[in-house]
């Protein structure tokens, strides 16, 4: 959206319409060239920024992928270790339960034998 430069009426009266119009046209030309240079410079810097952002995003994704792989392998190790510990605890619990049941049945059988002898 170009803005056209305008000068005061006194400026036109002192320099004359022709010189003042040339000066206004020159200002507008300079303004247009600066705007186009700025636009090109902005586009250049923005494209560099986009490229650097894309590169850093790709690096971050790569690092996250590596961390995810490491986490999954660590999680697998923890799961296998936890599974073996649970299996060991289950084995101990079954032994204790078996020992309790055997001793309970022996006590019941002893009580029955003792009662049978008594009667």
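Throughout, read-outs are computed from the coordinates displayed, never taken from laboratory work. Note that the structure is a prediction, hence the values are computed from the model and not measured.
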Check: At each listed q (0.19, 0.25, 0.29 Å⁻¹), what is the log10 of I(q)/I(0) that the Debye formula gives for the range 63-119 modelled as equal alpha-carbon point scatterers?
Finding: -0.77, -0.91, -1.00
Next item on the list: Using a Gaussian network model of the chain whose springs link C-alpha atoms within less than 10 Å, name the residue from 107, 54, 20 with the highest mean-square fluctuation.
Entry: 107
Margin query: With angles folded into 0 to 90 degrees, how steeply does helix 17-118 sit against the dominant principal axis of the chain? Use alpha carbons for both and round to 10.
Written below: 0
Item checked: Choice from 43, 63, 18 showing the highest fluctuation, given a GNM over the chain with Cα pairs closer than 10 Å -> 18
Next item on the list: Take the chain, connect every pair of alpha-carbon atoms lying under 10 Å apart with a spring to form a Gaussian network, then pick out the residue of 93, 53, 106 with the largest mean-square fluctuation.
Entry: 106
Notebook entry, point to check: Can you give the helix-only mean residue ellipticity at 222 nm for the chain, where every DSSP H stretch with n ≥ 4 adds -39500 (n - 2.57) and the sum goes over all residues, rounded to the nearest 500 deg cm²/dmol?
Noted result: -34500 deg cm²/dmol
Next item on the list: Could you grab the Rg to Rh ratio for the chain? Cα atoms only, Kirkwood for Rh.
Entry: 1.89
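By its C-alpha gyration tensor, with a ≥ b ≥ c as the square roots of the eigenvalues, how is the range 37-81 shaped: rounded for a/c under 1.5, else prolate for a/b larger than b/c, else oblate?
The shape class here is prolate.
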